[in-house]
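See below for the structure under consideration.
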Amino acid sequence: MDLLIDVNVALDVCAQRKPHAATSMLAIEAAKAGAARLWLYAGSTQTLEYNLYQHLKRIHQPAPNGPSNKSLLGKARSVLSEFVKDKQWLAALAAEGPVFDAGDPEDEQLLRALDRFPAGSIKLLTRDSLLLEKHPDKTITPADYCRLGLKKQPLQFIDLKAQQDAIRPQLEQRIHRVIHHGQYIMGPEVKELEDKLAAYTGAKHCITVASGTEALLISLMALGIGPGDEVITTPFTFAATAEVIVLLGATPVYVDIEPDTCNINVALIEAKITPRTRAIMPVSLYGQVADMDEINAIAARHGNIPVIEDAAQSFGATYKGRKSCNLSTIGCTSFFPSKPLGCYGDGGAIFTNDDALATACREIRVHGQSARYTHTRVGVGGRMDTLQCAVVLAKLERFEWELQRRGAIGTRYAELLAGSRIELLTVRPDRDCVWAQFTVFVDERASVQAALQERGVPTAVHYPTPLHHQPAYAQHCCPGCCENCIRAAARVMSLPMSADLTAADQGRVVAALQAAVG
Ligand SMILES: *Cc1c(COP(=O)(O)O)cnc(C)c1O
């Protein structure tokens, strides 16, 4: 359970007020040990400062040569600066302003602020007897909190909360700016993000779109792909990869994967090329880029077939010193919340160095408009909204740090699991993996997953059924064509992974896994 710290408890600690300081500090330490969030109401900062200053004056100024007001105020501020360091600021919202008809406006603000959180997930840590009596469901004393004892937080499969804690100031600032400038569609954040992502990948153009799926769809439309056309791809991917091909009336032609990377097996591509082949669409699965140079070379040999990288899982990954999304004709990524770079809704982006394709994608994104109300082609409503761009911009500030963490956590998984009965994915030496999922191979997967679940370790399967075996895509099934893919689908299992996964939690995952596989 998270805690919102009331002013009286904060003052206990900051002023070392006896006899309460010890218990209040214990409660705060217990919350930290249990990985609970400690919130301070931003609207209480002046009350905190004023009360601590007055307290210091009461203690020190009866002495004839006591410290000056200025030095006491300085002391109050430095104590508070230290105290707030490991706390989260809870912003004051407009709904918490008109409280003057309440018995105690300041208490009313805190109670209203609590209503933003899911019921039961947070309490006000206070010694205010009136509040405790009137709102027993929303409040708790430091002494009672200490008596609750330590409850381990369940492990998250992807810890987006810790990420949010780390970026809250810039996140709130960016979101509120959009709310105030009011350009919800194609606002300044859209261009800012496109410029930053283009610079990051090195691609000449970045076009943000409504989702990763939309990025793939718009790319295929920009290439003019339609009925009768064939697109070579892998069946070991999320449904969206094949979905967009089928939606346009084209045919997905499946090529099997390499058993050790789960990416498309380049050696099998050429045999599937026909005069109707209009694109090759490899997927950079789990965050590792496929053999793009070899794929590009095959495409070039067969009359410059366009190559679209489905980089929904690999934004930020490096391949021979170049960035994913800028390795072929077009790169497409997704900002779905759980992807390596996610927003708080749907979003995606298209990358290309081809000016004509970029123009086509930009027009298709807004109903094929080349000028206002001039529709020179058939398009879609496929824009990414300004608020979502603002969220990605806030996350981009620590993205490089996150990639380093993901890399380090991946390496540590590999070290800890070496010699166990868990088989690891191979990462080729000329590239890295951003570990959109940390996926391993395991036998008797269902029972291993159940054993892990029992120990509070969540897992997932990416993906249990290859696309050519999915009911909706059965007509494109190629019996016997993708045996490695079928074997992988039965054995892959993804473990918790995020930049904020702690060493202790990773240890919990590995211990549970080792216990489960013997
Ligand atoms: C997530 C994903 C997509 C689709 O992205 P959305 O933003 O969810 O539409 C496409 N391909 C792959 C490989 C994905 O992992």
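Numerical summary
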item	result
Beta bridges by DSSP in the chain, antiparallel share as percent, to the nearest 5	50 percent
Separation between Cα centres of segment 269-328 and segment 54-92, rounded to whole Å	61 Å
Residue order for TYR473, TYR319, TYR373, TYR50 - accessible surface, 1.4 angstrom probe, largest first	TYR373, TYR50, TYR473, TYR319
Accessible area of the chain divided out per residue, in Å², using a probe of 1.4 angstrom	44 Å²
Sum of -39500 (n - 2.57) over DSSP H runs of 4+, divided by residues of the chain (222 nm, nearest 500)	-13000 deg cm²/dmol
Furthest towards positive pole of dipole, GLY342, LEU467, TYR286, structure part the chain, Cβ charges	GLY342
Under-5 Å amide H pairs with THR208, H placed in peptide plane, nonlocal only	ILE350
Nearest-20 debye value, the chain charge dipole, Cβ charges on Lys, Arg, Asp, Glu	1020 debye
Distance histogram for segment 163-396 (every C-alpha pair counted, 5 angstrom bins, percent rounded to whole numbers)	1, 7, 15, 19, 20, 16, 11, 6, 3, 1, 0, 0
Whole-percent carbon and sulfur share, accessible surface of the chain, 1.4 Å	55 percent
Whether the chain is rounded, prolate or oblate, judged on the alpha carbon gyration tensor where a/c under 1.5 counts as rounded	prolate
Distant-in-sequence amide H partners of THR237 (H built 1.01 Å from N, under 5 Å)	LEU467
Simple label model, 7 Å out from Cα along Cβ direction - ASP101 to ALA474, nm	6.3 nm
Protein-only accessible surface order, largest first, of SER129, SER420 at 1.4 Å	SER129, SER420
Anchor LYS87: lysines whose Cα lies under 22 Å away (excluding residues fewer than 8 positions away in-chain)	LYS32, LYS75, LYS123, LYS138, LYS151, LYS152, LYS161, LYS395
Cross-link reach list, aspartates and glutamates versus LYS70, counting only Cα pairs under 20 Å and skipping chain neighbours closer than eight places	GLU49, GLU82
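The values are calculated or read from the model by the stated rules, or taken from the named source; none is laboratory data. Computed from a predicted model, the values in this text were never measured in an experiment. Neighbour counts run over all protein chains shown; Cβ positions are idealised from the backbone, glycine included. Quick note on the areas: whole protein, heavy atoms, side chains included, nothing else; ligands and nucleic acids left out. Shrake-Rupley method; radii C 1.70, N 1.55, O 1.52, S 1.80 Å.
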